[in-house]
Amino acid sequence: MQTRRLADALGIEVVGLDTTAPLDEGTRDALVDLFHQHLALVIRGTVLTPRQYVDLIRKFGQPDASDTSRYHEPIDIDGFKGLRLVSNIESGGRNVGQFGNDEMGWHQDRWTDAVPPPATALHGVEVTKSGGRTGIASLVAAYDALPADLLARIEGRSIHFPLKVNDFEGELDDADIEDPALFRKVPLVQRHAVTGAKFLFLGARRILSYIDTAPRITGLDKDGSAALLDAIYDHVALPAFNYLHQWRAGDILIWDNRACAHRRESFDPDERRLLYGTPIVTSDVLWRGEAALAG
Ligand SMILES: O=C(O)CCC(=O)C(=O)O
Ligand SMILES: [Fe+2]
């Protein structure tokens, strides 16, 4: 297998791997090392069946097993119904998958989980000719390069995410953000469980028109929170911290969901796009046990 750096801040490409064959442990460990070093891994391969894809992902950890049937017709792989289909394709009046063709804003998957998934993986099955690129930002590089004034506004503060999205317009008391039944509170600056690197925890804000979390920052009112979040998001979006993935059919993109945020460009609704996706929720190789909960 050969590798090539993809961007200054993060990302490495791997070519020459047969993704249809079972991954041996030595190769898996080499890929895990690349993952920790570069935060985002692009494996160029061929289009896999759902079962081949899930078998490969299981070499890295346990894919999220939540039933996807509230989003789309689930694919059953020996009882596993957690394979997410990210797609704008419609068939027989139903969406084949989630998220349509609109732009998706920066986020980390499952941001309100007590311990968010260490990684997320996507696999390109049908890809667009233009648009629809997936952007990955290193929140480690973004933290390291914070201007002093922005760092001073962030340090020591936490971010509060509503557990129910789109629920609080106009009727929220400032004190409610400390209620653990309503909000998940996490430090804005965290330390990576495996690498020890400090990173900004972004979570999610506006992902799509129907996923708008309006997070709050400790000690700031609604407008103050929004102003600080504007500054943080502008900083994270700087090209210096980003890799923008142009999909080819057969690609597997797997990134560190703790130390990276991701977004997606919009694309022409007349083009077809289908990705398999899954957050990797627990893993002995990407995440070494309870150490993950430290600091
Ligand atoms: O469609 C994409 O490129 C990204 C979708 C996404 O954010 C996800 O599946 O978690
Ligand atoms: Fe996502």
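The values are calculated or read from the model by the stated rules, or taken from the named source; none is laboratory data. Since we're looking at a predicted model, the values are computed, not measured. Here Cβ is always computed from backbone atoms with ideal geometry, including for glycine, and neighbour counts include all displayed protein chains. These area figures cover heavy atoms from the full protein model, side chains too; ligands, DNA and RNA do not enter into them. Shrake-Rupley method; radii C 1.70, N 1.55, O 1.52, S 1.80 Å.
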### Task
Could you calculate the contour length gain from ALA30 to VAL15, that is, 0.36 nm times the residue separation minus the distance between their Cα atoms, to one decimal place in nm?
4.1 nm
### Query
Under the Karplus relation 6.51 cos²θ - 1.76 cosθ + 1.60, θ = phi - 60°, what is the ordered set of whole-Hz ³J(HN,Hα) values for segment 71-83, x standing for Gly and Pro?
9, 6, 4, x, 9, 9, 10, 6, x, 7, 10, x, 5
### Task
Express the relative contact order of segment 128-217 as a whole percentage, based on alpha carbon pairs under 8 Å and six or more residues apart in sequence.
35 percent
### Query
Treating the beta-carbon of each Lys and Arg as +1 and of each Asp and Glu as -1, no other charges, what is the dipole magnitude of the chain about its Cα centre, to the nearest 20 debye?
620 debye
## Note on the structure
Quick shape check on segment 171-291: root eigenvalues a ≥ b ≥ c of the Cα gyration tensor, a/c under 1.5 is rounded, otherwise prolate if a/b tops b/c, else oblate, and it reads oblate
## Note on the structure
Mean Cβ-within-10 Å packing, highest first, puts peptides 117-129, 95-107 in the order 117-129, 95-107
### Candidate lysines - alpha carbon under 24 Å from LYS185, same-chain residues fewer than 8 apart omitted
LYS164, LYS198, LYS222
### Message
Under the rule a/c < 1.5 gives rounded, and otherwise a/b versus b/c splits prolate from oblate, where does segment 1-95 land using the Cα gyration tensor?
### Response
prolate
### Task
Using the Kyte-Doolittle scale, find the helices of the chain whose mean hydropathy is at least -1.0 and whose Cα atoms extend 18 Å or more along the helix's long axis, counting only whole DSSP H runs.
25-38, 222-236
### Summary
When every protein chain stays in place and a 1.4 Å probe is rolled, ARG263, ARG84, ARG70 sorted by accessible area with the largest first are ARG70, ARG263, ARG84
### Task
Sort out for me the Cα centre separation of segment 39-106 from segment 258-272, rounded to whole Å.
14 Å
### Query
Taking a temperature of 25 °C and a viscosity of 0.890 mPa s, what whole-number D in µm²/s does Stokes-Einstein yield for segment 139-236 with Rh from Kirkwood over alpha carbon pairs?
175 µm²/s
#### Entry: Gain upon complete extension [ASP270, ASP113; 0.36 nm per residue less C-alpha separation]
53.0 nm
### Summary
ILE211 and ARG51 label points (each 7 Å along its Cα→Cβ direction) are spaced in nm at 3.0 nm
### Task
First select every other residue whose beta carbon is under 9 angstrom from the beta carbon of THR218; then total the charges, Lys and Arg +1, Asp and Glu -1.
+2
### Query
Which value in deg cm²/dmol, rounded to the nearest 500, describes the helix-derived mean residue ellipticity at 222 nm for the chain, given -39,500 (n - 2.57) per DSSP H run of n ≥ 4 and division by the residue count?
-5000 deg cm²/dmol
### Task
Would you please classify the overall shape of segment 89-199 from the alpha carbon gyration tensor, given that a ≥ b ≥ c denote the square roots of the eigenvalues, rounded means a/c under 1.5, and beyond that prolate means a/b larger than b/c while oblate covers the rest?
oblate
### Task
Express in whole angstrom the spacing between the alpha-carbon centres of segment 142-220 and segment 1-28.
33 Å
### Message
So if I restrict to the alpha-carbon atoms in the chain, what is the Rg, and what is Dmax, the biggest pairwise distance, in Å?
### Response
18.8, 56
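Stretch LEU244-ALA148 to full length: gain in nm at 0.36 nm per residue minus the Cα-Cα span? Don't skip to the end; give the middle numbers.
Numbers: separation 96, 0.36 × 96 = 34.56 nm, distance 2.71 nm.
Once the chain is fully extended between LEU244 and ALA148, it gains 31.9 nm.
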